[in-house]
Amino acid sequence: MKISVFPFGDNDHNQQVLAGFEILRRLGCLEIRYRYDGLSVFNMDHTSRTEYSALYQIVVMRLDGVGDVVFDLNDSDIVFENLHDACIVYFKRSFCRSAHARFPKIRPLGLNYEARPPFLSASALYRSIVLSKSAVSRVRGVLRVFGLPRPYTFSPNKDRQARISLPAPPRILFLARTWDPCEFDAQYHRHLDAINAMRADCVRELRRTFGDSFTGGLLASPHAKRHFPDCVTPATLRTDRRSFLRLVDTHQICVATSGLHDSTGWKFAEFVAKGRAIVAEAMRFQVPGPMSEGTNYLAFDSAASCVEKCAVLMRDAEYRYEMMSANRAYYNGYVSPEALVRNAISWACPTIERGLQPHPAKGREAGLPEAGPASLRFG
């Protein structure tokens, strides 16, 4: 299938979708032409200053002979109405049925995180150069393409057939940052204070209740040290991205709090990809497929209820295992980069679904594991 892809930016939010295109091309499913003139093609050059930064988290896919498909990776529920009106479907990361009721073309995109294809991509390297806004961002983008040096980007395709570990006894992981209200407009201060307070309260209660069975705290930023000194991570705990993902592998139960604009954070998607049992703040935004409270995660609305839900999973090994299995299966079907893009194309043009099936030989040549729950192994 021939498509044109218009990435408006090369930021971290867009990488999951862009990785999906690259993987499907490597599998022999797509012929892709990248175009970097999307802002002018879609008449977005004169967007307001407030909306302009949000534009960098947009990718448009043009299906030859079918129409345009929009991927909106923004944390907030903002909608670019001119793109919505001109496309055949508008996939929104932060999709809310009530907030988007007047936009008939909007559909939930799903969980978002920073992902890279598990191979070097010349297209990704060129894109990081062409779409960079400064020399610093250009260098940073090139280094990320090669996976150097930090932050380590998550390529869970390599992990798809990995064993879901069940170390005993079970342990709980919660690492989070605080947001400094001074870095934001005054209208966001109350929202940020609430986010910070919830995270700090959870750290205190989880430490008090579970002791050595709990790992985590608030990242030791100047803001956290100043306002929540009792909650920062110990100096001995490494919290860089590579170390964080290794911690996820050794903790069966992972806690996730909501992000800016009440978005579902990247950690939630990473926990799903790694097949963890999840305790999370109630999700404001909807995702596609069989993702539900009780099956894929337990929801909390206070530090006390966070502790209560963690205790349920600590006590019940069978329930933990079922939730971990459900999350790995959900990742395979709805969160992996190629599954997310394949599902979007199939929705936009159901008649081409057979054409999206990968060529087995090309998949093996690329070193990509076969998709689907049948590839799960547990231990």
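Computed values, structure above
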quantity: Where SER302 falls short, out of the listed (1) of a type outside the set (A, V, I, L, M, F, W, C); (2) surrounded by 14 or more Cβ atoms within 10 Å (Cβ to Cβ); (3) under 21 Å from PHE285 (Cβ atoms); calculated: (2)
quantity: Residue match in region 55-69 (condition: among the hydroxyl-bearing types (Ser, Thr, Tyr) and under 18 Å from LEU131 (Cα atoms)); calculated: yes
quantity: Residue match in region 11-20 (condition: modelled with pLDDT under 95 and not in a helix (DSSP H, G or I)); calculated: yes
quantity: Residue list for region 310-332, restricted to those being surrounded by 19 or more Cβ atoms within 10 Å (Cβ to Cβ) and of a type outside the set (A, V, I, L, M); calculated: CYS310, ARG320, ASN327, ARG328, TYR330, TYR331, ASN332
quantity: Close pairs from region 187-199: first in the same structural domain as ASP262 (by TED's automatic domain parsing), partner part of a helix (DSSP H, G or I), Cβ under 6 Å, at least 6 apart; calculated: HIS189/PRO181; LEU192/PRO181
quantity: Cβ-Cβ under 9 Å pairs, at least 6 apart or on other chains, region 69-88 side in the same structural domain as ALA54 (by TED's automatic domain parsing) and outside any helix (DSSP H, G or I), far side among the hydroxyl-bearing types (Ser, Thr, Tyr) and at pLDDT 95 or above; calculated: VAL69/TYR90; VAL70/TYR90; PHE71/TYR90; ASP72/TYR90; VAL79/TYR90; PHE80/TYR90
quantity: Residues satisfying the stated conditions in region 200-248, i.e. in contact with a helix residue (DSSP H, G or I) (Cβ under 9 Å, 6 or more places away or on another chain) and among the basic types (Lys, Arg); calculated: ARG204, ARG208, ARG238
quantity: Test: residue in region 230-253 that is modelled with pLDDT of 95 or more and aromatic (Phe, Trp, Tyr); calculated: no
quantity: Cross-chain or 6+ apart pairs with Cβ under 7 Å, region 1-28 first and polar (S, T, N, Q), then part of a strand (DSSP E or B); calculated: SER4/ARG33; SER4/ARG62; ASN14/PRO7; ASN14/VAL59; GLN15/ALA115; GLN16/ALA115
quantity: Pick from region 101-131, criterion in contact (Cβ under 8 Å) with a residue 24 or more places away in the chain and among the β-branched types (Val, Ile, Thr), ranking: farthest from MET283 (Cα to Cα); calculated: VAL130
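The values are calculated or read from the model by the stated rules, or taken from the named source; none is laboratory data. Here the structure is a predicted model, which means the values were calculated and not measured. Note: ideal-geometry Cβ built from the backbone for every residue, glycine included; neighbour counts use all protein chains shown.
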